[in-house]
Amino acid sequence: MIRITSSNKTDEYVPSSSADLPVVIENWHHAVIDLHTWYETLSQTIAAHKQVARKLMHPGANFYGQYPLCDLEQVHCAMIQEISQLISVMDKSSAQNQLSEQATIECLHAHTLRLQEQARRIQQVLCQST
């Protein structure tokens with residue numbers, strides 16, 4: 001059974017100054033690692049289910065446990081879209097160089113929260129599917 005865990009308390013932390021930058025970057029780093037780990041788990045789960053369905057000659061099998069495979073795939077696609085959006089925001093900010101230091105810290109903190117939310121979403125869908 002998959003356990004939902006959190007490696008940090010970023011949800012409760014709100015940066016207030018540039019002195020918070022190391023903490024913000026560390027939280028972002030952990031959020032990226034957690035998201036990557038859960039994304040890989042989700043990808044492997046989807047691939048394994050499809051492989052089992054092919055071996056059992058049930059190509060139309062579209063459930064993983066009691067959970068529709070299409071829901072797992074939707075979460076997978078949502079992850080890709082979310083990462084693309086975050087990269088786009090970072091690219092625009094970097095190209096325009098318009099954000100103040102505090103705004104950059106707040107933006108990075110907001111991205112961290114979005115990454116954590118997506119990781120929780122994967123955890124939930126995987127927990128519900130087992």
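Coordinate-derived values only; no laboratory data. Please read these numbers as outputs of a predicted model, since none were measured by experiment. Counting neighbours? That spans all protein chains shown, and the Cβs are built from the backbone with ideal geometry, glycine included.
If I stretch the segment between LEU21 and CYS77 completely, what's the gain in nm (0.36 nm per residue apart, minus their alpha carbon distance), one decimal?
Extra length from LEU21 to CYS77 when fully extended: 17.1 nm.
Counting charges near ALA78 (Lys, Arg +1; Asp, Glu -1) among other residues having Cβ under 12 Å from its Cβ returns a value of -2.
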